[in-house]
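For reference, the structure discussed in these notes is given below.
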Amino acid sequence: MSITEYFDLLWHDYTLRTITLGTAVLGAVCGMLGSFAVLRKESLLGDAISHAALPGIALAFLITGAKDSGTLLLGALVSGLIGTYWIRGITSKTHLKSDTALGLILSTFFGFGMLLLTFIQKQPNANQAGLDKYLFGQAATLVESDVRLMVIVTGISLFVVLLFWKEFKILLFDPEYTKTIGFNTKFIDVLVTFLIVLAIVLGLQTVGVVLMSAILLAPAAAARQWTNRLGTMIFLAGLFGAFSGVLGTAVSASQDNLSTGPVIVLIASVFVLFSLIFSPGRGLLFREIRFRQNRKDLQLMKTLQFMYDIAIDHENISHPHAIRILNNFQGYTKGSLKKLENEGWIKIQGQDWAMTQRGFNKAAEMYNQQPVHE
Amino acid sequence: MKEKIAVQVDDLTVAYDYKPVLWDIDLSVPEGVLMAIVGPNGAGKSTLIKTILGIIKPIAGSVTIFGEPYKNQRKMVAYVPQKGSVDWDFPTTAFDVVLMGTYGSLGWIKRPGAKEKKIALESMEKVDMLSFRNRQISQLSGGQQQRVFLARALAQDASIYFMDEPLQGVDATTEIAIINILKELRKAGKTVIVVHHDLQTVPEYFDWVTFLNVKKIATGPVKDIFNDDNLTQTYGINYKVAVNK
């Protein structure tokens, strides 16, 4: 389907609009809050929490018999929070490190959740179908009330992040120092974690338990490649997340058989790949280009230095010398001679070269490590 | 003339599981000294500072700053942690880090304004890092990172400074620059307490010293207690150090 067809469909199709808005908002809030997890080196926390939410969903159904998303997500929230609390407990009270704690909680809770799901499926009651949509998400079932909830939560998260901006920043960068200047780090920590859990729970409908961590991490990882400022990074992460949602929904809508959740995740991954290669500062492509440029510059500088060593032996530094004495010097090419002349560092007269005052000064200060001033 | 006690530590004990890291530390640091804390690896030097600052919880003991419990006196105390305690790949500039030194005086939610920014710039100038202020911190050398941390503490305008190995792994120029700043602080009447890694320079840089090895071995003016006896007791070997008297 073409672009115009897509926008036409979007304009007229209420369901598509709702889903697109829902996935966009979800992508934005997960991208934004995922940045916090990434910067705290708790990248897999999202994975652990989303897997830990599964038993909550199953238990909520078993206890209430209701299948509406509100009830089930509440169950997810409770069990996600319990999982988080236990992860923190394991790391602080035992010798196990956080990656072990994450792995343990993730697998235990998820295993328990799967057990409950298979138990539910074996029930004679026909009312239990559809819970497994939370494994991989089913964006097609998003309704307006779901999206409204997402928008509200995103709004609150944004407000909290802006309100406590400097507190988040300092806690992320240097938690010990933050304690010494009097901030209650526990409060900020709990706030961040709670917001992350909330975002995850909301996202379960769309991308599901298994793929949740991708939508938390990929936008933040991509955003990090493009900027060195925290605010810009979080903003970009939100943007990439939103775009992943919109594009994912569009692609899966145009191809009938594709499930939205995985498509969104794959698109987010494409963002990451693209960023890793093409970002100007840290991207692999530009690093390679800069590396080769530096190597070329180095050849040039070495030639100039060689000439300097010759010139300095003469009273007149601009005494001409035969070009052929450079022939045995490694790194010398005809091209470098031309470049050196273009820079005004040497003058070429027939078969001879002569150093200029500028070139002499340039070579002289080369080994002087002057601090670079902005 | 009665000397004011800047930091008073009584019976401070810290243990991990059953292993004592600090045992029954009693310490009185008079105001205005430039004091080194020395001891072998694992002696508890970093732990002592972190416990005084409330980062680590002791199992016994108390800390007072100018007579009041530490938690009431936070504004008087500044901390310069070890370089390695943060991730220098964090997306922020050198200036931003120094600005964090003003966050304590701002309190919750309030954002740093022109006044705070001016303080941060002045602190950066004191450590000669003004030209690097917009540099991403991952692009700083070890010595520059240390100076940024120092500037952050200076921005707090505290009365007491705790520093954890500030001269570890810095170039000679930075080392001289930092020591000069510490001496300036002492001249201004501030109290500076430094975990120091290099015994050779203790007599040259500091006027007070505390020998620590889980227990406090000795504390006092360098000229009185920096001797072979205390060195041997602290380091457990026959330690001969040339002391410039």
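If we scan region B:152-174, do we find a residue that is free of Cβ contacts under 8 Å to residues at least 24 places away in the same chain, open to solvent by 10 Å² or more (accessible area, probe 1.4 Å) and in a helix (DSSP H, G or I)? Steps first, answer last, please.
First pass over region B:152-174, keeping only residues free of Cβ contacts under 8 Å to residues at least 24 places away in the same chain: B:172.
From the residues that got through so far, the ones that are open to solvent by 10 Å² or more (accessible area, probe 1.4 Å) too are B:172.
Subsequent filtering for residues that are in a helix (DSSP H, G or I) retains B:172.
There is at least one residue in region B:152-174 that is free of Cβ contacts under 8 Å to residues at least 24 places away in the same chain, open to solvent by 10 Å² or more (accessible area, probe 1.4 Å) and in a helix (DSSP H, G or I).
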Reported set for region B:58-72 where residues are within 20 Å of residue B:164 (Cα to Cα) and either of a type in the set (Asp, Glu) or touching a Ser or Thr at 6+ places or on another chain (Cβ under 9 Å) (or both) is B:58, B:63, B:65, B:70
For region A:224-244, what are the residues that are in a helix (DSSP H, G or I), touching a Ser or Thr at 6+ places or on another chain (Cβ under 7 Å) and more than 9 Å from every other protein chain (Cβ to nearest Cβ)? A:234, A:236, A:237
Residue pairs within 7 Å by beta carbon, gap of at least six or interchain, first lying in region B:177-191 and surrounded by fewer than 15 Cβ atoms within 10 Å (Cβ to Cβ), second assigned to a loop (DSSP other than H, G, I, E, B), listed first then second, are B:189/B:32
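A quick yes/no check of all residues on (1) without any contact (Cβ under 8 Å) to a residue 40 or more places away in the chain; (2) among the hydrophobic types (A, V, I, L, M, F, W, C):
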| position | (1), (2) |
| --- | --- |
| B:67 | no, no |
| B:71 | yes, no |
| B:81 | no, no |
| B:84 | yes, no |
| B:96 | yes, no |
| B:112 | yes, no |
| B:119 | yes, yes |
| B:136 | no, no |
Going through region A:284-306 one residue at a time, which ones are open to solvent by less than 90 Å² (accessible area, probe 1.4 Å) and either touching a strand residue (DSSP E or B) at 6+ places or on another chain (Cβ under 6 Å) or among the charged types (D, E, K, R) (or both)? A:288, A:297
All positions within region A:144-175 that are surrounded by fewer than 17 Cβ atoms within 10 Å (Cβ to Cβ) and within 14 Å of chain B (Cβ to nearest Cβ): A:159, A:160, A:162, A:163, A:165
May I ask you to verify whether residue B:149 is assigned to a strand (DSSP E or B) and of a type outside the set (Val, Ile, Thr)? no
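Kindly establish whether residue B:94 is within 13 Å of chain A (Cβ to nearest Cβ) and either farther than 23 Å from residue B:49 by Cα or open to solvent by 50 Å² or more (accessible area, probe 1.4 Å) (or both).
Numbers: within 13 Å of chain A (Cβ to nearest Cβ): yes; either farther than 23 Å from residue B:49 by Cα or open to solvent by 50 Å² or more (accessible area, probe 1.4 Å) (or both): yes.
When the stated conditions are applied, residue B:94 passes them.
For the structure I just gave you, tell me whether residue A:229 is open to solvent by 10 Å² or more (accessible area, probe 1.4 Å) and touching a residue at least 60 places away in the same chain (Cβ under 8 Å). Lay out the reasoning, then the answer.
Details: open to solvent by 10 Å² or more (accessible area, probe 1.4 Å): yes; touching a residue at least 60 places away in the same chain (Cβ under 8 Å): no.
The answer is no for residue A:229.
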Of the residues in region A:342-356, those that are outside any strand (DSSP E or B), in contact (Cβ under 8 Å) with a residue 12 or more places away in the chain and open to solvent by 50 Å² or more (accessible area, probe 1.4 Å) come to A:343, A:351
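Collect the residues in region B:65-85 that are assigned to a strand (DSSP E or B) and either open to solvent by less than 60 Å² (accessible area, probe 1.4 Å) or within 15 Å of residue B:55 (Cβ to Cβ) (or both), keeping them in residue-number order. Full working, then the answer.
Kept after step one, since they are assigned to a strand (DSSP E or B), are these residues of region B:65-85: B:65, B:68-69, B:77-80.
Within region B:65-85, B:65, B:69, B:77, B:78, B:79, B:80 qualify.
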Residues that are more than 8 Å from chain A (Cβ to nearest Cβ), assigned to a helix (DSSP H, G or I) and either open to solvent by 20 Å² or more (accessible area, probe 1.4 Å) or acidic (Asp, Glu) (or both), drawn from region B:97-137: B:105, B:114, B:115, B:116, B:117, B:118, B:119, B:121, B:122, B:125, B:126, B:130
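Looking only at region A:197-211, decide whether some residue is within 14 Å of another protein chain (Cβ to nearest Cβ) and at pLDDT below 90. Let's see the steps before the verdict.
Applying the first criterion (within 14 Å of another protein chain (Cβ to nearest Cβ)) to region A:197-211 yields none.
No; the residues of region A:197-211 include none that is within 14 Å of another protein chain (Cβ to nearest Cβ) and at pLDDT below 90.
Only residues that are under 15 Å from the mean Cα position of the chain (by Cα) and within 8 Å of chain A (Cβ to nearest Cβ): list them for region B:79-91, please. Lay out the reasoning, then the answer.
Kept after step one, since they are under 15 Å from the mean Cα position of the chain (by Cα), are these residues of region B:79-91: B:79-85.
Passing the criteria: B:79, B:81, B:85.
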With more than 25 Å from residue A:54 (Cα to Cα), open to solvent by less than 70 Å² (accessible area, probe 1.4 Å) and not β-branched (Val, Ile, Thr) as the only criterion, which of A:261, A:281 stands out? A:281
Check residue A:105 against each of (1) open to solvent by 40 Å² or more (accessible area, probe 1.4 Å); (2) assigned to a helix (DSSP H, G or I); (3) free of Cβ contacts under 8 Å to residues at least 60 places away in the same chain and name the one condition it does not meet. (1)
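Restricted to region B:138-147, and to residues that are open to solvent by 10 Å² or more (accessible area, probe 1.4 Å) and under 23 Å from residue B:162 (Cβ atoms), which residue is modelled with the lowest pLDDT?
Kept after step one, since they are open to solvent by 10 Å² or more (accessible area, probe 1.4 Å), are these residues of region B:138-147: B:138-142, B:144-145, B:147.
Now drop any that are not under 23 Å from residue B:162 (Cβ atoms), which leaves B:140, B:142, B:144-145, B:147.
On the way: B:140: 92, B:142: 89, B:144: 92, B:145: 93, B:147: 94.
So the residue we want is B:142.
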In the list B:56, B:109, B:119, B:49, which residue meets the criterion of being of a type in the set (A, V, I, L, M) and under 15 Å from the mean Cα position of the chain (by Cα)? B:49
Under the condition of being open to solvent by 30 Å² or more (accessible area, probe 1.4 Å) and in a loop (DSSP other than H, G, I, E, B), which residue from region B:18-39 is modelled with the highest pLDDT? B:31
Looking at (1) surrounded by fewer than 23 Cβ atoms within 10 Å (Cβ to Cβ); (2) within 19 Å of the chain's Cα centre (by Cα), which is the one condition that is false for residue A:69? (2)
Can residue A:189 be described as open to solvent by 10 Å² or more (accessible area, probe 1.4 Å) and over 19 Å from the mean Cα position of the chain (by Cα)? yes
Members of region A:192-219 found to be in contact with an Asp or Glu (Cβ under 9 Å, 6 or more places away or on another chain), farther than 18 Å from residue A:22 by Cβ and open to solvent by less than 10 Å² (accessible area, probe 1.4 Å), listed by number: A:196
Failed criterion for residue A:282 (all others in (1) within 14 Å of chain B (Cβ to nearest Cβ); (2) at pLDDT 90 or above hold): (2)
With respect to residue A:26, is the statement that it is aliphatic (A, V, I, L, M), assigned to a helix (DSSP H, G or I) and more than 14 Å from residue A:196 (Cα to Cα) true? no
Subset of region B:20-58 (residues that are within 14 Å of another protein chain (Cβ to nearest Cβ) and small (Gly, Ala, Ser)): B:46, B:54
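The values are calculated or read from the model by the stated rules, or taken from the named source; none is laboratory data. This is a predicted model, so every value here is computed, not measured. Ideal geometry is used to build each Cβ from the backbone, glycine not excepted, and the neighbour counts take in all protein chains shown. Side chains are part of the model used for accessible areas, which takes the heavy atoms of the whole protein and leaves out ligands, DNA and RNA. Shrake-Rupley method; radii C 1.70, N 1.55, O 1.52, S 1.80 Å.
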